[in-house]
Amino acid sequence: MIKVEHELHQRRKGRNYGVLILLLAFAAMVLGLTVVKVQQLGDARQFESNDHVLRPALLPDETQGEGTQ
């Protein structure tokens, strides 16, 4: 079977590869930034404090700072 590809198809294929490269670069950048941010946090409790919901487990324990009365 003889298959002749038009010059338009070659240009379109080249642009598609360019878009693929840009999309992969963007995904790699987002993944890299996410990994760096997660590594810098260190403590998993910091993830929970950013959801704007009051959680009693995150509040400091008030009984530790008081003396024995």
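Nothing in this text is a laboratory measurement; each read-out follows from the coordinates by a stated rule. This is a predicted model, so every value here is computed, not measured. Cβ placement follows ideal geometry from the backbone for every residue including glycine, while neighbour counts extend to all protein chains displayed.
Below, the figures for the structure above:
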read-out	value
Charge tally in the Cβ shell below 12 Å around H9, where Lys, Arg are +1 and Asp, Glu are -1, H9 excluded	+3
Contour minus Cα-Cα distance for L8 and L59 (0.36 nm per residue)	12.0 nm
Under Karplus coefficients 6.51, -1.76 and 1.60, residue-wise ³J(HN,Hα) of region 35-42 in Hz, glycine/proline x	4, 5, 5, 5, 5, 6, 5, x
